[in-house]
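Data first, discussion second: the structure below is written as structure tokens.
Only the coordinates and a few stated rules stand behind these numbers; no lab work does. All values derive from a computational prediction rather than experimental measurement. Every residue, glycine among them, receives a Cβ derived from its backbone with ideal geometry; neighbour counts consider all protein chains shown.
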Amino acid sequence: MTGKPWTEAEEARLTAMLEAGASYPELAAALGRSVSSVRERRKLLPGAPPARHPRGFTPEEDARLLEMRRAHLPGWLIAAELGRSRGVVARRLMQLIRAGRAGGAR
């Protein structure tokens, strides 16, 4: 294990924020942890709510995705910032490109 151990208070806050619908980047910022640390800890929590994003992207997420792509950020970083997998982000980007909504984001 690397980094600092999780406290019971942090786990309780993580669970409460997950139930409230917070994204992984929001959780990471609030808890002073990395997105990957938050994601991995969530998997270990008993009774934790299911992983977020069983739905499509919001218009705000699309805009953020395109903004980060135009800034030439790597796919793994875009995925981490959006709290999504690299595959999901890549598929969404291709959908936006095909729909002509990417505006040169290739």
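Observations on the model:
- Shape call, the stretch 59-98: gyration tensor on alpha carbons, a/c limit 1.5: rounded
- Over the chain - Rg/Rh using Cα atoms and the Kirkwood inverse-distance radius: 1.02
- Separation in nanometres of the label points that stand 7 Å from Cα toward Cβ, at A16 and S85: 3.2
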